[in-house]
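The values are calculated or read from the model by the stated rules, or taken from the named source; none is laboratory data. Here the structure is a predicted model, which is why all the values come from computation and not from measurement. Heads up, the Cβs are rebuilt from the backbone with ideal geometry, glycines too, and the neighbour counts pull from every protein chain shown. For accessibility, only protein heavy atoms count, side chains too; no ligands or nucleic acids. Shrake-Rupley method; radii C 1.70, N 1.55, O 1.52, S 1.80 Å.
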Amino acid sequence: MLPIFIPEVDMKKLCFGLAAALSIAAAPASGADMAAKAPIYKAPAPVPYVWTGCYVGGNVGGGWADTSYRINDPTQGVVNGASLGSNTGSGVVGGGQIGCDYQVGNWVFGAQGMFDWTDIKGSHPDPINAFPLIWTSKISWLATATGRVGYTITPQALLYLKGGAAWAKTHDDRTGPALGIILSYTTPDHTDFGWTVGAGFEYLLARNWSVFAEYNYVDLGTNRLSYTRNTDGAAFFVDTRRQIHMATVGVNFRFGQP
């Protein structure tokens with residue numbers, strides 16, 4: 001019987017070789033695990049709509065003015081206190097506004113200044129003169145300084161009321177043919193002061209842009225003005241009462257939004 005030969009094995013080298021082989025085999029799997037565990041980034045939460053901040057914008061629309069005249073001059077004898085008629089003028093209005101708002105819950109409080117150029121003009125025949133004289137009234141610009149308070153029916157939709165002071169540049173005259181000449185009673189351009197109230201709806205298209213539609217009533221009260229006749233410089237006093245209605249739409253760019 002022949003003896004069996006078993007070669008001598010170095011156990012340390014064997015163990016080292018096995019460990020190296022296992023580490024090489026495990027490397028791809030470890031890389032796959034690392035790729036699978038890469039962090040996942042989420043989109044940031046949308047910023048809520050807020051009304052707090054200041055804005056500047058423009059507006060355009062239409063205006064209507066009711067103007068009436070009454071003699072207020074004791075030198076005019078029996079016609080003193082007589083009505084000289086009235087007219088309703090109309091025209092385009094357009095301009096700009098600037099303001100700031102502050103939101104508390106659903107309530108929005110603010111202040112605003114608005115300036116609009118206008119071509120509101122009206123006329124009517126004089127009811128007491130024997131000659132065919134025509135009264136003409138004109139408004140060339142209108143300005144308001146108002147506070148406003150609103151309530152958000154949705155985060156983007158605001159219903160509001162506004163009120164404050166108003167100014168308007170106006171012109172009035174009475175002219176027409178008389179005995180072969182043009183007879184004219186005029187008063188210089190003047191700035192009337194009064195008050196205004198209004199209501200509107202504003203909607204945030206984006207955090208920095210909004211659109212609105214609103215109605216404003218302006219009462220300029222009664223002003224006693226002197227009218228001078230062009231033929232001889234004679235003058236008499238007339239009470240002029242004026243009320244204005246405006247309907248406008250517009251757009252605002254809002255600053256300071258998050």
Out of (1) open to solvent by less than 30 Å² (accessible area, probe 1.4 Å); (2) modelled with pLDDT under 95; (3) acidic (D, E), the odd one out for D172 is which? (2)
I'd like the full set of residues that are open to solvent by 40 Å² or more (accessible area, probe 1.4 Å) and of a type in the set (K, R), limited to the range 200-258. R207, R224, R229, R241
Can you name the number of the only condition in (1) under 23 Å from H124 (Cβ atoms); (2) open to solvent by 40 Å² or more (accessible area, probe 1.4 Å) that G194 fails? (2)
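Considering only the range 87-133, how many residues are among the hydroxyl-bearing types (S, T, Y) and either in a helix (DSSP H, G or I) or open to solvent by less than 70 Å² (accessible area, probe 1.4 Å) (or both)? If you could, list the steps in order and put the result at the bottom.
Filtering the range 87-133 down to residues among the hydroxyl-bearing types (S, T, Y) leaves 88, 90, 102, 118, 123.
Among the residues that remain, those that are also either in a helix (DSSP H, G or I) or open to solvent by less than 70 Å² (accessible area, probe 1.4 Å) (or both) are: 90, 118.
Number satisfying all stated conditions: 2.
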Quick one: would you say W167 is touching a strand residue (DSSP E or B) at 6+ places or on another chain (Cβ under 8 Å), of a type in the set (F, W, Y) and under 22 Å from G94 (Cβ atoms)? yes
Only one of (1) open to solvent by less than 40 Å² (accessible area, probe 1.4 Å); (2) β-branched (V, I, T); (3) modelled with pLDDT of 95 or more fails for T187. Which number is that? (3)
Can you name every one of the strands (runs of 3 or more DSSP E) wholly within the range 147-242 that holds 1 or more residues which are under 24 Å from D119 (Cβ atoms) and of a type in the set (D, E)? 157-178, 190-206, 209-229
Within the range 62-84, the residues that are assigned to a strand (DSSP E or B) and open to solvent by 20 Å² or more (accessible area, probe 1.4 Å) are W64, D66, S68, R70, S83
